[in-house]
Amino acid sequence: MLAPREILRLEPGQADDLLDRLEAEVPVATGTVELPGPPAVDAIVIGDTHGDWASTLAATSRFLEAPGERCFVGLGDYIDRPPDDCPNGSVANLLYLLSLRAAFPDRVVLIQGNHETTRRFPVVPHSLPEEVDDLWGPDEDRYSRLMGLAERGPYAAISPSGVYLAHAGFPIEGPARRWRESLEEGADAPVLDAVWRSADASRLDRGFISSFTEAELDKFLDEIGASVFLRGHDPDLTGRPAYHGRLLTLHTSRVYELYGGVLLAHIPLDHPVRSVAELRVEHLETETKRRNPTG
């Protein structure tokens, strides 16, 4: 498995060979997945990394300490907005994570965020095409193949301990008990909910889609038998439990460090989780310690 720095040194033909291998080895997930239970005892979960492969490496090292006992979950947005010290970081970050998924298909889950669904719901900024061209020369096919691999991830996951995971939200329309079916059928509305909808506790206003409320989240979690929603997407909520301990937002990128740090979370898989207080949140060593601890 190539490290990000090695990926950035690949020649065009070598990059094509890597894409060939990943297309053969990265599984295509359904719209939803269920995290494993024992012998896996916990899951390492990262929020938006946005090309910050240095923070991704710090997080994946926790998983690689004991992959037989853990799983690893990304909450989406692995690309675009890379930090200044990670030039072309979207490419390296995504290919590294896809390689990890190929190496541990039963232990690694890469949920799609709004930046991974940009060919369906366009997002800005979207620097990945320029990064691919900068590394290996103009070739639209390489970009298309890379996005196709990113689109193999699910839209949401659930743990046996009662944690629902998605990049942004959950299906709003229809009965919550059909959330799996609605995401697996892949209609625009439920997928848009999962990858784009903000929490109304956030100060962000994305304009074209309304935010979900605490009452809507409570109803959804209660109907699907879960207790906690773990997500990314809204940087101003980073690390701050909301909605009476039922919602936690993570970001794992130094681009958003000032909001609440560079975080990962540990989810127990071998016993029920009733509140975000039962999750262990870790600040990664990539932080420059300039975060605002009050959010």
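Quick note: the coordinates plus some simple rules give every number you see, no bench work behind them. Only a predicted model underlies this, so the values are computations on that prediction, with no experimental measurement involved. When we count neighbours, we look across all protein chains shown, and the Cβ atoms used for this are built from the backbone with ideal geometry, even at glycine.
When we screen Leu247, Leu230, Leu237 for residues that are free of Cβ contacts under 8 Å to residues at least 60 places away in the same chain, surrounded by 18 or more Cβ atoms within 10 Å (Cβ to Cβ), aliphatic (A, V, I, L, M) and within 13 Å of Val163 (Cβ to Cβ), the only hit is Leu247.
Please enumerate the residues belonging to segment 213-223 that are touching a helix residue (DSSP H, G or I) at 6+ places or on another chain (Cβ under 8 Å) and buried (at least 18 other Cβ atoms within 10 Å of the Cβ). Correct list: Phe220 only. In the set (1) over 14 Å from Leu18 (Cβ atoms); (2) within 17 Å of the chain's Cα centre (by Cα), Leu98 fails one condition alone, (1). Being closer than 16 Å to Leu284 by Cα, in a helix (DSSP H, G or I) and aliphatic (A, V, I, L, M) is the filter here; which residues of segment 224-269 pass it? Passing the criteria: Val255, Leu258. Applying a threshold of 7 Å to beta carbon distances and a minimum spacing of six or more residues, or different chains, the list of pairs starting in segment 183-200 at a residue that is closer than 21 Å to Glu34 by Cα and ending at one that is assigned to a helix (DSSP H, G or I) and of a type in the set (Gly, Ala, Ser) reads Leu183/Ala194; Pro190/Ser182.
Could you tell me whether any residue of segment 172-189 is of a type in the set (A, V, I, L, M, F, W, C), surrounded by 24 or more Cβ atoms within 10 Å (Cβ to Cβ) and over 17 Å from the mean Cα position of the chain (by Cα)? It would help to see each step written out before you state the result.
In the first step, residues of segment 172-189 are kept if they are of a type in the set (A, V, I, L, M, F, W, C); the result is 172, 176, 179, 183, 187, 189.
Then keep just the ones that are surrounded by 24 or more Cβ atoms within 10 Å (Cβ to Cβ); that gives 179.
Subsequent filtering for residues that are over 17 Å from the mean Cα position of the chain (by Cα) retains 179.
Checked segment 172-189: at least one residue is of a type in the set (A, V, I, L, M, F, W, C), surrounded by 24 or more Cβ atoms within 10 Å (Cβ to Cβ) and over 17 Å from the mean Cα position of the chain (by Cα).
The residues of segment 74-106 that are surrounded by fewer than 21 Cβ atoms within 10 Å (Cβ to Cβ), out of contact with any helix residue (DSSP H, G or I) (no Cβ under 7 Å at 6 or more places or on another chain) and among the charged types (D, E, K, R), listed by number, are Asp84, Asp85, Asp106.
The residues of segment 204-224 that are touching a strand residue (DSSP E or B) at 6+ places or on another chain (Cβ under 9 Å) and among the small types (Gly, Ala, Ser) amount to a single one, Ser211. The single condition among (1) closer than 19 Å to Ser61 by Cα; (2) without any contact (Cβ under 8 Å) to a residue 60 or more places away in the chain; (3) buried (at least 24 other Cβ atoms within 10 Å of the Cβ) that Val281 does not meet is (3). The residue that is farthest from the chain's Cα centre (by Cα), among those in segment 109-162 that are acidic (Asp, Glu) and farther than 23 Å from Ala187 by Cα, is Asp139.
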